[in-house]
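J.: Here you go, one structure.
Just so you know, all these numbers are worked out from the coordinates, no wet-lab data involved. Computed from a prediction, not measured in an experiment: that's the story for all the values here. Methodologically, a virtual Cβ is constructed for each residue, glycine included, from the backbone with ideal geometry; neighbour enumeration extends over all protein chains shown.
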Amino acid sequence: KRGKDVTIVSYSHAVTTCLDAAARLSLQDEIDVEVIDLATLKPMDTQTILRSVKKTGRLLVVHDSPEYGGYGAEVIACVAGDGEALSGLHATPKRLCGKESPIPFAPELEREVIPSTEAVMQAVRSLFEVV
């Protein structure tokens, strides 16, 4: 999904959560979110990520797996390794990840450990806060 205010990079199930959050943020906050679905993790589409971050100046990486050892760090490292993208950031890149536990099978329990639409919306809003 194209946007101009903030880039969200995600993959797998979390993409649907991010798209839902993007639609709601557009209506409620007038924040135009660009959502990138990493269809493959390796090779990672670094050019699309860098082009988007250079355009928006803000980055949120969302995935359902735990933060430690998760792929979000690779995406942020990609941006940090590109001087132009890094210097153009208006806010520190953030990761929103699943809790440090295995993903439960039961849907009711799964919802408790993976990022929710509301959590994505809150994380995006935090990228616009003035410190």
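J.: Arrange the following residues from fewest to most other Cβ atoms within 10 Å of their Cβ: C97, C18.
T.: C97, C18
J.: Let me ask something else about it. Order by neighbour count: T16, T40, fewest other Cβ atoms within 10 Å first, most last.
T.: Lowest to highest Cβ neighbour count: T40, T16.
J.: Would you list, by chain and number, the aspartates and glutamates whose Cα falls below 18 Å from the Cα of K1, excluding same-chain residues fewer than 8 positions away?
T.: Reachable aspartates and glutamates: D20, D29, E30, D32, E34, D37, D45.
J.: Over the stretch 6-126, what relative contact order in percent results from Cα pairs under 8 Å that are six or more residues apart?
T.: 30
J.: Output wanted: per-residue J couplings in Hz (rounded whole) for the stretch 100-106, from phi through Karplus 6.51 cos²θ - 1.76 cosθ + 1.60, θ = phi - 60°, x for Gly and Pro.
T.: Per residue, the Karplus-derived 3J(HN,Hα) values read 6, 7, x, 6, x, 6, 5 Hz.
J.: List the equivalent ellipsoid semi-axes of the chain in whole Å, largest first, each obtained as the square root of 5λ for an eigenvalue λ of the Cα gyration tensor.
T.: For the chain, the ellipsoid semi-axes come out as 22, 18, 13 Å.
J.: Just how many pairs of Lys in the stretch 6-126 have C-alpha atoms closer than 22 Å, counting pairs that are eight or more places apart or on different chains?
T.: Lysine pairs meeting both conditions in the stretch 6-126 amount to 4.
J.: Take each complete run of DSSP H in the chain, measure how far its Cα atoms stretch along the helix's own axis, and keep only those covering 27 Å or more with mean Kyte-Doolittle hydropathy at least -1.0; list them.
T.: none
J.: How large is the dipole of the chain about the Cα centre if only Lys and Arg carry +1 and Asp and Glu carry -1, each at its Cβ, rounded to the nearest 20 debye?
T.: About 360 debye.
J.: For A77 and S116, calculate 0.36 nm times their separation in residues minus their Cα-Cα distance, and state this gained length in nm to one decimal.
T.: Taking 0.36 nm per residue and subtracting the Cα distance, the gain is 11.6 nm.
J.: What is the extension gain from K42 to S87, computed as 0.36 nm multiplied by their sequence separation minus the C-alpha to C-alpha distance, in nm to one decimal?
T.: 13.6 nm
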